[in-house]
Amino acid sequence: MTANGKKPKAEPAPPTTLFLFGAHGDLVKRLLMPALYNLSRDGLLGDGLRIVGVDHNAISDVDFAKKLEDFIRTEAASKIKGNAENALDPQLWEQLAKGISYVQGDFLDDTTYADIARKIAESGTGNAVFYLATAPRFFGEVVQRLGRANLLEESPEAFRRVVIEKPFGSDLATAEALNACLLKVMTEKQIYRIDHYLGKETVQNILISRFSNVLFEAFWNNHYIDHVQITAAETVGVETRGSFFETTGTLRDMVPNHLFQLLAMIAMEPPAAFGADAVRGEKAKVIGAIRPWSVEDARANSVRGQYTAGEIAGKALPGYREEAYVAPDSSTETFVALKVMIDNWRWVGVPFYLRTGKRMSVRDTEIVICFKPAPYAQFRDTEVDELKPTYLKIQIQPNEGMWFDLLAKKPGPTLDMANIELGFAYKDFFEMQPSTGYEALIYDCLTGDQTLFQRADNIENGWRAVQPFLDAWKEDDGIQAYKAGEDGPAAADALLARDGHAWHRLG
Ligand code: BG6
């Protein structure tokens, strides 16, 4: 970022040693390595990137590189940029693989950090990024040890950065404690807290479209917007992550992070620049303005669901309690619907309804901005009985784009109306390249741009808004069943019906 807030043209990232903690985990194989390959294909890594896997299993440098290569060729091939078959370009891979090596070590053992220091000393650059793709219990432990080994000390010639995956804490107190622990050994400028939703082009586009088209600002407030619906519906179940999910649940897994990022993009004020401080400052403000519900209000304004056996696209599926590593009497939620209010000048009185769940009818992440109806008086003496509400739908995935639902006159001699659609689909305007969604995030970390990463206050404000729901459910979890293939329990519909609304149909 330059002094005037302008992002310079994308240039190759500076030489860096990138340590991947949790090197044998899924994230590294499925997403991080394919993303690094894509960056290299786009010429954004230069020659100076060294990738060092860190994990407890023993493996040679060559075998580690080979294992990554085999995985990308077989299982992650559809995520890499390339020719029609997405074949791995041998020359390009060779170039990347030259810089791949491995440190075998326990994350809790100080000798691991001595080996890491040696790798940096050998690398020819002092720049280092430590990417914690580990179980969350290691975040604080690893960072403390990096600090003790003086690996987080920066100099004018060498940066040291730490990337932390989610979940960042499991409630407000643990998130605050983790932030305090990190900030003891490094500064906020060195911390890159990931929310992979911010790597999605469609999420970044919300800000760009909102603030580059004057039309949006004209109606973007409580005078014209009746309510907002934010949905992240998945058809997948908990797959192999039963034990993680049992202690996490959908609220913690999706709301304070992904759904609140979407909410912030929709609700924040225009930043003074598209730089990290300005953007994250506005986000912190709007998330901080979410009304802190009392425990009673949190209970009244939330619905928890858990899927039972059902069917999606003709396929019979087990219930959550029958999944591997899930207790047969589990009361962990796999669906939530919430109502939140933002108490600031722009949004006071406009409900934001959030829902997300697994094993819903379709995969669809969308935001629907529902407008107030126009005044009716002029239509009294016509065929029009009522003015149907209109909306703007922003679809994040899978069918990326934006659609305005508007009213128009039906052709014919009488004055009758119908809802019509004005739309923009990404695929009609832009070439959609395969990607993992991590490319921009990794590149920004290597080049020192924190705009797409969560600041400590963003994270804590998110947990502060979610905490009343966690507290309410401690006393009475009120879990409700929905069948796999349904869009949550009936109570989720009742939550909106109570205010005279209905969820927008998914798909
Ligand atoms: C992850 C959650 O952060 O996001 C998963 O842990 C969820 O449970 C995933 O499935 C959803 O991401 P996306 O990009 O598929 O919407």
*asked:* Every residue in region 86-101 that is open to solvent by 20 Å² or more (accessible area, probe 1.4 Å) and out of contact with any Pro (no Cβ under 8 Å at 6 or more places or on another chain), please.
replied: ALA87, ASP89, PRO90, GLN91, LEU92, GLU94, GLN95, ALA97, LYS98
*Search result, residues across region 28-62 that are of a type in the set (D, E, K, R) and either open to solvent by less than 40 Å² (accessible area, probe 1.4 Å) or in a helix (DSSP H, G or I) (or both)*: LYS29, ARG30, ARG41, ASP55, ASP61
*asked:* Among the listed residues ASP444, ASP405, ASP449, identify the single one that is within 29 Å of LEU36 (Cα to Cα) and either within 16 Å of the ligand (Cβ to nearest atom) or not in a loop (DSSP other than H, G, I, E, B) (or both).
replied: ASP444
*Looking at region 166-176, which of the residues that are within 16 Å of the ligand (Cβ to nearest atom) and at pLDDT 95 or above is nearest to ASP449 (Cα to Cα)?*
PHE168
*Considering only region 408-441, how many residues are within 16 Å of the ligand (Cβ to nearest atom) and either acidic (Asp, Glu) or part of a strand (DSSP E or B) (or both)?*
1
*Can you tell me how many residues in region 138-153 are away from the ligand (no atom under 16 Å from the Cβ) and in contact with a helix residue (DSSP H, G or I) (Cβ under 7 Å, 6 or more places away or on another chain)?*
9
_From the options THR235, THR240, THR231, residue that is among the hydroxyl-bearing types (Ser, Thr, Tyr), part of a strand (DSSP E or B) and under 22 Å from the mean Cα position of the chain (by Cα)_ = THR231
*Within region 228-255, restricting attention to residues that are more than 10 Å from the ligand (Cβ to nearest atom) and open to solvent by 10 Å² or more (accessible area, probe 1.4 Å), which residue is nearest to GLN467 (Cα to Cα)?*
THR247
_Filter result (open to solvent by less than 70 Å² (accessible area, probe 1.4 Å) and not β-branched (Val, Ile, Thr)) within region 376-397_ = ALA377, PHE379, LEU387, TYR391, LEU392, LYS393, GLN395, GLN397
*Given the conditions (1) surrounded by fewer than 18 Cβ atoms within 10 Å (Cβ to Cβ); (2) not in a helix (DSSP H, G or I), report the number of the one that ALA114 does not fulfil.*
(2)
_Residue satisfying all of: in region 88-103; assigned to a loop (DSSP other than H, G, I, E, B) and touching a Lys or Arg at 6+ places or on another chain (Cβ under 8 Å); nearest to SER123 (Cα to Cα) among these_ = GLY99
*asked:* Step by step: first the residues of region 203-215, then only those that are surrounded by fewer than 14 Cβ atoms within 10 Å (Cβ to Cβ) and part of a helix (DSSP H, G or I), then the one that is farthest from the ligand (Cβ to nearest atom). Which residue is that?
replied: VAL214
*asked:* Looking only at residues that are assigned to a strand (DSSP E or B) and within 14 Å of the ligand (Cβ to nearest atom) in region 355-375, which one is surrounded by the most Cβ atoms within 10 Å (Cβ to Cβ)?
replied: ARG355
_Any hit, region 269-281, residues being within 16 Å of the ligand (Cβ to nearest atom), of a type in the set (Lys, Arg) and either under 19 Å from GLN480 (Cβ atoms) or in contact (Cβ under 8 Å) with a residue 40 or more places away in the chain (or both)_ = no
_Yes/no for ARG299 being among the charged types (D, E, K, R), out of contact with any Asp or Glu (no Cβ under 6 Å at 6 or more places or on another chain) and not in a loop (DSSP other than H, G, I, E, B)_ = yes
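The values are calculated or read from the model by the stated rules, or taken from the named source; none is laboratory data. Small disclaimer: the values here were computed from a predicted structure and weren't measured. Positions of Cβ are generated from backbone atoms using ideal geometry, with glycine treated the same way; all protein chains shown enter the neighbour counts. Side chains included, ligands, DNA and RNA excluded: accessible areas come from the protein's heavy atoms. Shrake-Rupley method; radii C 1.70, N 1.55, O 1.52, S 1.80 Å.
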